[in-house]
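Notes follow the structure.
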Amino acid sequence: MKVPQPPPPRKVLILKPSSLGDVIGGMPVLRGLRRTFPRAHIAWLVTPACAGILDGQRDLDEVIPFDRKRFGRIARDPEATGEFMRFCRELRRRQFDWVIDLQGLFRSGYLSFAADAPTRAGFADARELAWVFYTHRIRVTAPHTVDRNIQLARALGVDARGEDLRLTVTRQGRSSAESFLAEREIQPRRYVVVAPGTRRENKLYPARHWREVIAKLAAELPVVVIGSAGERALCAEVADGLANAFSLAGRTSLPELVALIALAGTVICCDSAASFIAPAVGTPFVTLMGPTRPERTGPYGRGGKAVLADIPCLGCLKRRCRHATCMQWIRPADVAAAAGEALAAGAKVPLPTDSACV
């Protein structure tokens, strides 16, 4: 059934609070909104942990921080409840014409309702009954999370495109990344970024396998290991003691992380935010996948490759697993070979120009 087209908006709010990879997957909606409605004010509601990825992004006018951890205590903490009520009143006061909920959970659905926008759009199959808060319930058929976002936006008349999965590299982020590389005499496109971390334990590649991969790659090129502050121990486990390998876990801002990936020859990661950052800045990458499925969250567009084990329970979508055999059985030799192919492709990719930075 065709969705009635809402009136053109003056003010739009995108709801995609987390996680980091999912926020990046919403970029085509932002780019499409700006292309379709060049004079509209576009805001994005996001958690503080993910807000840095939106710093300096072209086409975005405003970032609205949403403290999910703080507001998650509203049933038990009267002070947090009062703050949440004030937050909702502030959303309503801003008088958004459109709210687009790309999260599709009860919390985000309620926030769309609290904003009191005439047009509240979201997925018809949104979880936790979030769809009850929408005025426009969009049925999508695409399997990949990025394409689902694009289909939702197009149903509203927004000219969103697959090539809109783009992140702006900030000048400050690039400057910091170039300083790190210069201090170690590392040339752009002549190093590998490894991101061993991911939010779910059963998506992790074994540290012993990572060490084998990194040792092989570091014999040819420097390897920069990246991760959050909470992933320092993991990054140390996979990199410590290996010549030509450097860990930056917990030492980079998100704009700096984006710049490091944009300047790299290739990226190797699990199913994590890095597998969305890499295509958004044009860097070839390799994603190691087991419980998740490439057609849903795997490499998007050109330049990416998924490495999988040949195992019957592959792509089970379970959040927990006692054995995670699907990740254990990915052979380090296959990962290193895929990385070599990606490096060859990365050597041909132009570096971001100064004009592309903000």
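If I filter segment 198-207 for residues that are buried (at least 19 other Cβ atoms within 10 Å of the Cβ), farther than 22 Å from E256 by Cα and not assigned by TED's automatic domain parsing to the domain that holds A344, do I get at least one hit?
Taking every residue of segment 198-207 in turn, none turns out to be buried (at least 19 other Cβ atoms within 10 Å of the Cβ), farther than 22 Å from E256 by Cα and not assigned by TED's automatic domain parsing to the domain that holds A344.
If a residue counts only when it is of a type in the set (S, T, Y), which helices (runs of 4 or more DSSP H) contained entirely in segment 267-358 have at least 1 such residues?
In segment 267-358, the matching helices (runs of 4 or more DSSP H) lie at 274-281, 294-297, 325-328.
Can you tell me which residue in segment 145-165 is nearest to the chain's Cα centre (by Cα), limited to those that are assigned to a loop (DSSP other than H, G, I, E, B) and crowded, with 19+ Cβ neighbours inside 10 Å?
Top of the filtered list is L165.
Listed residues A43, A51; which is among the small types (G, A, S), at pLDDT 95 or above and part of a strand (DSSP E or B)?
A43
Residues are listed down the side, and each one gets a yes or a no for (1) free of Cβ contacts under 8 Å to residues at least 40 places away in the same chain; (2) not in a strand (DSSP E or B):
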{"residue": "R190", "(1), (2)": "no, yes"}
{"residue": "V194", "(1), (2)": "no, no"}
{"residue": "R199", "(1), (2)": "no, yes"}
{"residue": "I214", "(1), (2)": "yes, yes"}
{"residue": "E220", "(1), (2)": "yes, yes"}
{"residue": "E231", "(1), (2)": "yes, yes"}
{"residue": "C235", "(1), (2)": "yes, yes"}
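Which one is surrounded by the fewest Cβ atoms within 10 Å (Cβ to Cβ) among residues in segment 54-101 that are assigned to a loop (DSSP other than H, G, I, E, B) and in contact with a Phe, Trp or Tyr (Cβ under 8 Å, 6 or more places away or on another chain)?
I74
Can we say A182 is assigned to a helix (DSSP H, G or I), in the same structural domain as E256 (by TED's automatic domain parsing) and touching a residue at least 60 places away in the same chain (Cβ under 8 Å)?
In short, no.
The values are calculated or read from the model by the stated rules, or taken from the named source; none is laboratory data. As the structure is a computational prediction, the values presented were derived from the model and not from experiment. Virtual Cβ from ideal backbone geometry, glycine too; neighbours counted across all protein chains shown.
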